[in-house]
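The values are calculated or read from the model by the stated rules, or taken from the named source; none is laboratory data. Quick caveat, the model's predicted, so the values are computed rather than measured. When we count neighbours, we look across all protein chains shown, and the Cβ atoms used for this are built from the backbone with ideal geometry, even at glycine.
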């Protein structure tokens, strides 16, 4: 469970996040909103790339904002970025193993776990393929495998379906849904694909201009007139 409590972030005179709060407890939760709403900023606060001006983030009872970014990784935080962080000169297996450099687990166990996760994402037969030769979808799958090794507790994906075909997005969604069962980790996903969010996320947080405008079961959130007005481009119904 991730408990976001009154997170505020300012960039000069711009308030990027304004006292955003939500308790995400579903195995797969979503964060949506228009461009510039503060979605990635919130993910950057949790992962340590941005320091919040106020508020706190508790993950499984641990105050994450009090930890250095590398300590958050050791506590089980994993994340992807809008552009996959795949080294072109490393193999698929090596790209996954990099994620476990900090671990004291023996080499054989690390390799076995990495190969298990590559089997899950369908890349075990391409473990020796060089990163620079991967297709866009293969790069995304490698990124997912990287997030699944090393006993993760919280995995955050930033627009993982960006640039994927309809079929690839469906396969990715099916994979993300399996993560909790396979690793025990909670997953939080940012994406503009509302169909993907509605299919795999049990609960969703909606941001607009750095503020929370809706949070709850995904079906209810997507039916909210404020969400339709801010995100889906329909006229808001007067209350």
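Quick check: anything in region 170-177 over 30 Å from residue 58 (Cα atoms) and surrounded by 15 or more Cβ atoms within 10 Å (Cβ to Cβ)? The answer is yes, given that some residue of region 170-177 is over 30 Å from residue 58 (Cα atoms) and surrounded by 15 or more Cβ atoms within 10 Å (Cβ to Cβ). When residue 143 is tested against (1) surrounded by 17 or more Cβ atoms within 10 Å (Cβ to Cβ); (2) in contact with a helix residue (DSSP H, G or I) (Cβ under 8 Å, 6 or more places away or on another chain), only condition (2) is not met.
Of the residues 1, 43, which is in contact (Cβ under 8 Å) with a residue 40 or more places away in the chain, more than 24 Å from residue 83 (Cβ to Cβ) and touching a strand residue (DSSP E or B) at 6+ places or on another chain (Cβ under 9 Å)?
Answer to the check: 1.
Only one entry in 64, 81 is touching a strand residue (DSSP E or B) at 6+ places or on another chain (Cβ under 8 Å) and more than 26 Å from residue 138 (Cβ to Cβ), namely 64.
Scanning region 95-110 for residues that are without any contact (Cβ under 8 Å) to a residue 24 or more places away in the chain, outside any loop (DSSP other than H, G, I, E, B) and more than 20 Å from residue 185 (Cα to Cα) yields 107, 108.
Only one of the numbered conditions (1) within 15 Å of residue 156 (Cβ to Cβ); (2) in contact with a strand residue (DSSP E or B) (Cβ under 7 Å, 6 or more places away or on another chain); (3) modelled with pLDDT of 95 or more is not met by residue 59, and that is (3). Listed by position, the strands (runs of 3 or more DSSP E) contained in region 1-92 that have at least 2 residues being crowded, with 20+ Cβ neighbours inside 10 Å and more than 16 Å from the chain's Cα centre (by Cα) are 2-11, 14-24.
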